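The values are calculated or read from the model by the stated rules, or taken from the named source; none is laboratory data. All figures in this text were calculated on a predicted structure; none of them were measured in a lab. Cβ placement follows ideal geometry from the backbone for every residue including glycine, while neighbour counts extend to all protein chains displayed. Note: areas computed on protein heavy atoms with side chains; ligands, DNA, RNA excluded. Shrake-Rupley method; radii C 1.70, N 1.55, O 1.52, S 1.80 Å.
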Amino acid sequence: MRALLTGIVTFLLLLLNTLVLIGPMMLVALLKLVVPGAGNKARLSAWVMWIAETWAEICKAIFALMTPTRWDIRGDEDLRGDTSYLVVSNHQSWVDIAALVQTFNRKTPYFKFFLKKELIWVPFLGLAFWALDYPFMKRYTKSQLEKRPDLKGKDLEITKAACEKFGDMPVTVVNFLEGTRCTPEKQARQNSPYAHLLRPKAGGVAFVLAALGENLDALLDVTVVYPDGKPPGFWALLSGQLPRVIVDVRTLKLEPWLWQGDYQEDRAFRARVQKWVSGLWAEKDARIEALMKE
């Protein structure tokens, strides 16, 4: 009964926080849509970012007030708000998003995800994503490219154009390399060689690096671990039934070769990127094993 009450109150507080701040965010987003001038739009972007960071900080305060979860965050001591990062992380639960907020909010630039272009048409959310400068990308399938060879390379051009706004501002871009939440069933279907991870998708990170590589200063390799072994549902966090979350952050140098090739057309370059990603994932798998034994 206590867990149920905690979950309901926590959810209502988070909902109230969202409802209170969504109004000002939508107002500033509409102003950004109609106000002319790059300088004015940049100032309005900063306001939108401040509202989003404030929302996230209040969410953190609600979890601290209502739940006993201990966020064991490691490796975040040297994070900066004036530099650009690429974040890669394992993905097991919706709680992972809360873990990223706990780790990075107001320590790095507000993080952004690459989104499918169709999401811009979702009521309210699409406008919010646009106002937050989330990059919208258009990906073409192999069958589409076979029918329309003239589309080859257009997806990267669209994404690079969307990312031009990051040239004058620091940014944190988040990429879940597994593409979906890891479960034992998915591991079995993939015949994954990792004990705790799905096979990583190198194409996604290669796409990000091709679009943003020169603007990124470091790679943040994030490992989220639930010591109990079983990834929790979001209700476990809301209801105070999640005692501890470990977030391990490694800051790694990004080598320029990672964005200096053609991932789609150059087979040797593609193999090199895939080998690099597989090496990251093998190290992450071993790190998860070690952290779970603490």
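Considering segment 1-114, what Rg and Dmax in Å follow from its alpha-carbon atoms?
16.4, 55
Taking the solvent-accessible surface of protein heavy atoms with a 1.4 Å probe, what is the per residue accessible area of segment 18-104 in Å²?
47
Between Leu21, Leu13, Leu65, where does the largest GNM mean-square fluctuation fall for the chain, given springs only between Cα atoms within less than 10 Å?
Residue with maximal mean-square fluctuation among Leu21, Leu13, Leu65: Leu65.
What percent does the relative contact order of segment 2-132 come to when contacts are Cα pairs within less than 8 Å and at least six residues apart?
After rounding, I find 30 percent.
Ignoring solvent entirely, what values of log10 I(q)/I(0) come out of the Debye formula for the chain at 0.12, 0.14 Å⁻¹ when each Cα is a single scatterer?
-0.87, -1.19
Using a ≥ b ≥ c from the Cα gyration tensor of segment 19-83 (square roots of the eigenvalues), is it rounded, prolate or oblate, where a/c under 1.5 gives rounded and otherwise the larger of a/b and b/c decides, a/b for prolate?
Since a/c reaches 1.5 but b/c is at least a/b, the shape of segment 19-83 is classed as oblate.
State which helices in the chain qualify, where a helix is a whole DSSP H run, it must extend 18 Å or more along its own axis by its Cα atoms, and its mean Kyte-Doolittle hydropathy must be at least 0.0.
2-34, 38-66
Given H placed on each backbone N at 1.01 Å, which residues far from Val87 in sequence or on other chains put an amide H within less than 5 Å of it?
Here the answer is Val173, Val174, Asn175, Leu220, since their amide H atoms fall under 5 Å of that of Val87.
Choose one answer from Asp262, Asp221, Asp248: the residue with the largest mean-square fluctuation in a GNM of the chain with alpha-carbon springs under 10 Å.
Its mean-square fluctuation being the largest, the pick is Asp262.
Summarise the accessible area of the chain (1.4 Å probe, protein heavy atoms) by the percent that is carbon and sulfur.
Carbon and sulfur together cover 60 percent of it.
So what is the relative contact order of the chain, in percent, for Cα pairs below 8 Å that sit 6 or more residues apart?
26 percent.
Could you give the accessible area per residue of segment 248-294, probe 1.4 Å, as a whole number in Å²?
61
If you look at just the Cα atoms of segment 206-294, how large are its Rg and its Dmax in Å?
Spelled out, the Cα radius of gyration and Dmax of segment 206-294 are 17.0, 50 Å.
Past the 20 Å Cα-Cα mark, which pairs from Lys107/Lys275; Lys41/Lys116; Lys186/Lys230; Lys41/Lys112?
Too far apart for the 20 Å limit: Lys107/Lys275; Lys41/Lys116.
Give me, ordered by chain and number, the residues 5 or more places off Ile73 or on other chains with an amide H under 5 Å from its own placed amide H.
It is Val247, by chain and number.
For segment 213-294, with the dipole built from +1 on Lys and Arg beta-carbon atoms and -1 on Asp and Glu ones, taken about the Cα centre, which of Pro231, Leu258, Leu220 lies farthest toward the positive end?
Value: Pro231.
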